[in-house]
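The values are calculated or read from the model by the stated rules, or taken from the named source; none is laboratory data. None of these values were measured; they are calculated from a predicted model. Cβ placement follows ideal geometry from the backbone for every residue including glycine, while neighbour counts extend to all protein chains displayed. Remember, those area values only see protein heavy atoms, side chains included, never the ligands or the DNA or RNA. Shrake-Rupley method; radii C 1.70, N 1.55, O 1.52, S 1.80 Å.
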Amino acid sequence: MTVADQPFTPDDRHEVAVSEEEAAASQLEADLARLSQTESERDEYLDTLRRVQAEFENYRKRVIKEQTALVDRATSGLVEQLLPVLDSFELALKNLDSAGSDEIESVRKGLELVYAELLGVLEKAGLSRIEAEGKPFDPNVHEAVMQEGGDGEPVVTDVLRTGYTLKGRVLRPAMVKVTR
């Protein structure tokens, strides 16, 4: 008689049941270990995702800031190139004050219109004049090229060349005469 032909005894059945329970417990332990490993991987992926999102947000903010700065520098260059034109208009208007004919008056009005239009365009780009005459001298916005003696704090008495700021940043200081 072979082993396969022999009938199971109660002890044999018990051994098979214990063996199946051990196999199920072993399988459960393996499943729990895989679940734990999967949870750990999930947590790592979630941390990585959060870091990547934060890095991307910082990158996005930095790029926006750099682009804004680039646009401001480009605008600054254009406005700075237009300042001599503005200066020429101011000089022409000052020189017309000494003449008195009717032709000069019509030229003056034309120049004033062009000057106002140019100044309006530049102001829309963020340009503003530095008001200096009668103000206390401020080396951050004034460039003193002449000085008269006196007592007290220095005060701007004459503006030789208008100064400008672009979006709050000094583009060109006002060239002034100072009296103490």
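Consider ARG180 carefully, then state whether it is open to solvent by 40 Å² or more (accessible area, probe 1.4 Å) and either of a type in the set (Ser, Thr, Tyr) or closer than 25 Å to LEU82 by Cα (or both).
Details: open to solvent by 40 Å² or more (accessible area, probe 1.4 Å): yes; either of a type in the set (Ser, Thr, Tyr) or closer than 25 Å to LEU82 by Cα (or both): no.
Here the answer is no, as ARG180 does not meet what is asked.
Taking first residues from segment 110-128 that are of a type in the set (S, T, N, Q) and partners that are outside any helix (DSSP H, G or I) and surrounded by 12 or more Cβ atoms within 10 Å (Cβ to Cβ), the Cβ contacts under 6 Å between residues at least 6 apart in sequence or on separate chains come to SER128/THR165. Please verify whether ASP47 is at pLDDT below 80 and either more than 30 Å from GLU112 (Cβ to Cβ) or open to solvent by 60 Å² or more (accessible area, probe 1.4 Å) (or both), treating the condition exactly as stated. Criteria not met by ASP47. When ASP151, ASP138 are screened for being free of Cβ contacts under 8 Å to residues at least 12 places away in the same chain and either among the aliphatic types (A, V, I, L, M) or not in a strand (DSSP E or B) (or both), only ASP138 passes.
Taking (1) in a helix (DSSP H, G or I); (2) touching a residue at least 12 places away in the same chain (Cβ under 8 Å) in turn, GLU133 satisfies each apart from (1). The C-beta contact set for segment 72-91 (first residue hydroxyl-bearing (Ser, Thr, Tyr), second residue open to solvent by less than 50 Å² (accessible area, probe 1.4 Å), distance under 6 angstrom, 6+ apart or interchain) comprises THR75/ALA125; SER76/LEU166. For VAL121, the conditions (1) under 25 Å from LEU70 (Cβ atoms); (2) among the hydrophobic types (A, V, I, L, M, F, W, C); (3) outside any strand (DSSP E or B); (4) open to solvent by less than 70 Å² (accessible area, probe 1.4 Å) all hold with the exception of (4). For segment 50-92, filtering for residues that are open to solvent by less than 80 Å² (accessible area, probe 1.4 Å) and within 30 Å of LEU171 (Cβ to Cβ) leaves 19.
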